[in-house]
Amino acid sequence: MANDASAVSDALPPHVSPADPFTPPADSALWRRDFLLGAATAAYQIEGAVDEDGRLPSIWDTFSALPGKVLAGDTGAVACDHYHRWEQDVDMLAGLGLEGYRLSIAWPRVMDEAGSPNRKGLDFYRRLLTRLKEKGIATFVTLYHWDLPQHLEARGGWLNRETAYRFADYAGLVSRELSGLVDAWATLNEPWCSAYLGYGNGHHAPGLADGRYATQAMHHLLLAHGLAMPVLRTNDPASRKGIVANIGRGTANSDSAADRRAAHLFEVQHNAWILDPLLKGAYPQDLWELWPGTEPLVLEGDMQTIAAPLDFLGINYYFRTQVESDGAHGFREVLLEGVERTQMGWEVFPDGLRDLLIGFRHTYANLPPVYITENGMASDDKVIDGRVDDTQRIAFLKRHLAAVDQAIKAGVDIRGYFLWSLMDNFEWAFGYERRFGIVHVDYSTQQRTIKRSAELVAKFLEERRTKETT
Ligand code: FCB
């Protein structure tokens, strides 16, 4: 491992200190110049300006306005005011030397109720993407990061099959308009969260809670993805196309067959529910054991549409969950004591990322190239004397990047990693309290302060560039 400092120092350029708490070991794949290192955000979490330039309301405007749905009653109405400060934010990204930026487009900003383009909204993204290109930053654009236009929710949202076809229209419009400015399109961000948190337990917009709704919403989300893929290919042939899934590690609380089955079912619910239809063209049968009677209505041809080949798979990983059998057909969480946790209460468990990635390589023969499209942690960061010393995040990032490196060495084709997030932002049901950024945001002044983690990532990227040219 990396603790043999003398061995490492020989291989590093002279100005790199092996004692740096972030620098990866010399044999890490992270040093490869073609391993993309970037940061991610999403429209509703940073843009603000929710009723400017013809933007329509989204389900998150509606949901966050309901009492009790979001911590402290926060909403995305202003967020990081990125809609007005985007130039400064792009300069900040470039100043940090980040090589990729994953952002999302707000559907309600670019398309009106009749399906016609909203020019002002499209122009915003055109300017933003053009500037990123000028700065040499690779653009990863997510079409749907949870902000469904409210007028579609009024017609049933993702419970209505029609929404999948409206999504394909939206993908068509945006990919026609922005063709050539995008390196990689992702159709959906984390359909699991949209389906389960939005329709299954109601913790997210639109706030419905019914198991049957969750599986039907998932089916329509995946159908939307599948319908959009050929449209994206026609309109923007040079870009890569894929989807972003959140994945969860479930580990058994004991060696008993029942607990091991519980851990398996946890991962079926979190991972196979999405990855099997995408990569095998079928829902995992175990899901119906876990949630009897919730099979969605699937029409002929849907599964082929959903399983359209992907150019890449985006993976978002945050934590693991220890589970045991619930004594019936399911699992329940066991809260481990004495483990390191983040401000979210999530356990820091980098091995979970490595093990899942290696497992997918064996389960899915057609696993496409992978990008880690989100990984990061929240901490209660404070600016002290103009600095933010986010020590826990630095160690977190280093350890998770080491896990990625191990997965690469075990044969998984991983092409890049995006930190969640470029800056502190609206963390959905947790509002502004949870800070995931590598840049701190003071919401009363909109002042951005580079945290220590961002400085170290920037320093590493600089060193990597220097190393390449020497
Ligand atoms: C993911 C979301 C992202 C962010 C992180 C912490 O589930 O995709 O928007 O909220 O969690």
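List, in order, the whole-Hz ³J(HN,Hα) value for each residue of the range 78-89 obtained from phi through the Karplus relation with A = 6.51, B = -1.76, C = 1.60 and θ = phi - 60°; use x for Gly and Pro.
10, 6, 8, 6, 5, 4, 9, 10, 4, 5, 4, 5
Could you check the simple spin-label distance between residue 88 and residue 391, using points 7 Å along Cα→Cβ, in nm with one decimal?
3.1
List the residues whose amide H sits under 5 Å from the amide H of residue 313, counting only those 5 or more places along or on another chain, with H placed 1.01 Å from N in the peptide plane.
For residue 313, the qualifying residues are 370, 371.
Please give the Cα centre distance for the range 439-459 versus the range 318-393, rounded to the nearest Å.
If you average the Cα positions of each part, the centres end up 23 Å apart.
Return the sequence-ordered ³J(HN,Hα) values of the range 364-372 in whole Hz as given by the Karplus equation 6.51 cos²θ - 1.76 cosθ + 1.60 applied to θ = phi - 60°, using x for Gly and Pro.
10, 4, 9, 4, x, x, 10, 10, 7
Taking R0 as 35 Å, what's the FRET efficiency between residue 328 and residue 413 from their Cβ-Cβ distance, rounded to 0.05?
0.35
Per the helix-only calculation at 222 nm, which mean residue ellipticity applies to the chain, given -39500 (n - 2.57) for every DSSP H run of n ≥ 4 and division by its residues, nearest 500 deg cm²/dmol?
Taking each H run of at least 4 residues, the total per residue is -11500 deg cm²/dmol.
Among 167, 430, what's the order by accessible area (1.4 angstrom probe), most exposed first?
430, 167
Between residue 179 and residue 466, with labels modelled 7 Å along Cα→Cβ, what's the label distance in nm to one decimal, could you check?
Computed distance between label sites residue 179 and residue 466 equals 4.4 nm.
So what is the relative contact order of the chain, in percent, for Cα pairs below 8 Å that sit 6 or more residues apart?
Values: 949 pairs, mean separation 81.6, N = 470.
With pairs under 8 Å counted, the relative contact order is 17 percent.
Once amide H atoms are placed 1.01 Å from N in the peptide plane, what residues at a sequence separation of 5 or more from residue 69, or on another chain, have their amide H within under 5 Å of its amide H?
Those lying under 5 Å, H to H, from residue 69: there are none.
Can you find, among 294, 247, 367, the residue sitting farthest towards the positive end of the charge dipole of the chain, where Lys and Arg contribute +1 and Asp and Glu -1 at Cβ?
367
With the cut-off at 31 Å, tell me which of the pairs 280/451; 241/398; 133/467 have Cα atoms farther apart than that.
Values: 280/451 42 Å; 241/398 28 Å; 133/467 24 Å.
Listed pairs above 31 Å: 280/451.
Mind checking which aspartates and glutamates have their Cα closer than 13 Å to the Cα of residue 135? Skip sequence neighbours fewer than 8 apart in that chain.
87, 89, 91, 99
Using only the Cα atoms, what convex hull volume per residue in Å³ does the range 116-165 have?
98
Looking at the range 5-469, what % of its DSSP beta bridges pair antiparallel, to the nearest 5? List each step's numbers first, then the result.
Working: 11 of 51 bridges.
The antiparallel fraction comes to roughly 20 percent.
Can you tell me the alpha carbon radius of gyration of the range 315-470 divided by the globular rule-of-thumb value 2.2 N^0.38 Å?
1.18
Probe of 1.4 angstrom, ligands and nucleic acids ignored: what's the accessible area per residue over the chain, in square angstrom?
37
Debye calculation, C-alpha points only, no solvent: report log10 I(q)/I(0) for the chain at q = 0.06, 0.08, 0.09 Å⁻¹, in the same order as the q values.
Normalising to I(0) and taking log10 leaves -0.25, -0.45, -0.57.
About the Cα centre, and with charges only on the beta carbon of Lys, Arg (+1) and Asp, Glu (-1), how big is the dipole of the range 338-441? Nearest 20 debye, please.
Numbers: 12 positive and 15 negative charges, 66 e Å.
So the dipole magnitude of the range 338-441 works out to roughly 320 debye.
Rg/Rh for the range 302-355 to two decimals, with Rh computed the Kirkwood way over all alpha-carbon pairs. Please report the intermediate quantities before stating the final value.
Working: Rg = 16.3 Å, Rh = 14.4 Å.
When Rh is taken as the Kirkwood radius, the ratio is 1.14.
Given Cβ point charges of +1 (Lys, Arg) and -1 (Asp, Glu) and nothing else, what value in debye, to the nearest 20, does the dipole of the range 379-436 about its Cα centre take?
Taking the Cα centre of the range 379-436 as origin, the dipole is about 260 debye.
Suppose the chain between residue 162 and residue 351 were pulled fully straight at 0.36 nm per residue; how much longer would it get relative to their current alpha carbon spacing? Don't skip to the answer; put the middle values down first.
Values: separation 189, 0.36 × 189 = 68.04 nm, distance 4.04 nm.
Gain in length upon complete extension: 64.0 nm.
Counting only protein heavy atoms and using a 1.4 Å probe, what share of the accessible area of the chain belongs to carbon plus sulfur, as a whole percent?
About 52 percent, which is the carbon plus sulfur part of the accessible surface.
Would you work out the charge dipole size for the chain about its Cα centre, treating the Cβ of every Lys and Arg as +1 and the Cβ of every Asp and Glu as -1, and quote it to the nearest 20 debye?
880
Taking θ = phi - 60°, what integer Hz values does the Karplus form 6.51 cos²θ - 1.76 cosθ + 1.60 yield along the range 415-432, in sequence order, with x for Gly and Pro?
3J(HN,Hα) across the range 415-432, in whole Hz: 9, x, 8, 10, 6, 9, 9, 3, 9, 3, 7, 6, 8, 6, 5, 9, x, 8.
Among 421, 410, 269, flag the residue with its Cα farthest along the positive direction of the charge dipole of the chain, charges on Cβ as +1 for Lys/Arg and -1 for Asp/Glu.
Checked the options; the winner is 410.
Would you pull out the residues with amide H under 5 Å of residue 281's amide H, same chain only if 5 or more places away, H placed 1.01 Å from N?
Long-range HN contacts for residue 281: none found.
In Å³ and rounded to a whole number, note down the convex hull volume per residue for the Cα atoms of the range 200-323.
With only Cα atoms used, the range 200-323 gives 124 Å³ per residue.
The values are calculated or read from the model by the stated rules, or taken from the named source; none is laboratory data. Keep in mind that what you see is a predicted model, and the values were worked out from it rather than measured. Glycine also receives a Cβ, built like all others from the backbone with ideal geometry; neighbour counts cover every protein chain displayed. Surface areas here come from the heavy atoms of the whole protein model, side chains and all, with no ligands, DNA or RNA. Shrake-Rupley method; radii C 1.70, N 1.55, O 1.52, S 1.80 Å.
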